[in-house]
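As structure tokens, the structure follows; a few thoughts come after it.
The values are calculated or read from the model by the stated rules, or taken from the named source; none is laboratory data. Nothing here was measured: the structure is a model prediction, and the numbers come from that model. Using ideal geometry, Cβ is built from the backbone for each residue, glycine included, and neighbour counts are taken over all protein chains shown.
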Amino acid sequence: MIKVGDKVPSVKLKYMTKEGIKDITTDELLKGKKVVLFGLPGAFTPTCSAKHLPGFVQNADQIRSKGIDQIVCLSVNDAFVMDAWGKSQNVGDKVLMLADGNADFARAVGLEMDGSGHGMGTRIRRFSMLIDNGTVKQLNVEKPGAFEVSNAETMLKQIGA
């Protein structure tokens, strides 16, 4: 599993624009920027929709005021689903909704999980990380079924003043 001090591996992800689906690599996303990236098991799922994503949307201005260039939500869903979920959650431009449709990022960072018991296949574990120019500075990985350390409030404390 990825750890503090590691470089984020280069992986291609997808997101929706007005022109359609676009690719972005983690290298492009992270180079020269401070990024809060959080991952969750699935769009439209209960904890993800009621707590995880909304916390980052509600705290986006405060997070950005601490020198963060981008807030990114990542899930093993396709770009259409991530876009629809973002719209349903009124994300606007506060959080970039990225699709890891084939779980390439999940596997590359060692955070994949087997959700097949719930009919979800391979997914990503719930986590948040602070990344500075591609290097992990903070990493908060939840125990299965938990939502205690990957929330926006914890990240705000870790970013500091």
Report summary line: Within segment 64-84, the residues that are buried (at least 20 other Cβ atoms within 10 Å of the Cβ) and closer than 30 Å to G160 by Cα are I68, I71, V72, C73, L74, S75, V76, M82
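Would you mind listing the strands (runs of 3 or more DSSP E) fully within segment 75-161 where at least 3 residues are touching a Leu at 6+ places or on another chain (Cβ under 9 Å) and of a type outside the set (F, W, Y)?
96-99, 127-132, 135-141
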Requested in this report: Scan segment 46-66 and give yes if some residue there is more than 18 Å from K94 (Cα to Cα) and touching a residue at least 12 places away in the same chain (Cβ under 8 Å), otherwise no.
Outcome: yes
Query - Answer from G39, G55 - the residue that is closer than 23 Å to G119 by Cβ and buried (at least 19 other Cβ atoms within 10 Å of the Cβ) - result: G39
**Report entry** Subset of segment 2-14 that is closer than 19 Å to F127 by Cβ and either part of a strand (DSSP E or B) or modelled with pLDDT under 95 (or both) - its residue that is nearest to the chain's Cα centre (by Cα)
**Finding:** L13
Report task. Scan segment 100-112 and give yes if some residue there is free of Cβ contacts under 8 Å to residues at least 40 places away in the same chain and of a type in the set (S, T, N, Q), otherwise no. Result -> yes
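Just checking, which of G86, G55, G32, G39 is modelled with pLDDT of 95 or more and over 15 Å from the mean Cα position of the chain (by Cα)? Please lay out each step first, then the result.
Values: G86 fails: over 15 Å from the mean Cα position of the chain (by Cα); G55 fails: over 15 Å from the mean Cα position of the chain (by Cα); G39 fails: over 15 Å from the mean Cα position of the chain (by Cα).
The unique qualifying residue is G32.
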Query raised in the report: Hey, any hits in segment 139-149 for a residue that's touching a strand residue (DSSP E or B) at 6+ places or on another chain (Cβ under 8 Å), buried (at least 18 other Cβ atoms within 10 Å of the Cβ), in contact (Cβ under 8 Å) with a residue 24 or more places away in the chain and over 19 Å from L30 (Cβ atoms)?
Result: no
**Report entry** Scan of segment 1-53 for residues that are aromatic (F, W, Y) and under 17 Å from A103 (Cα atoms), ordered by number
**Finding:** Y15, F38
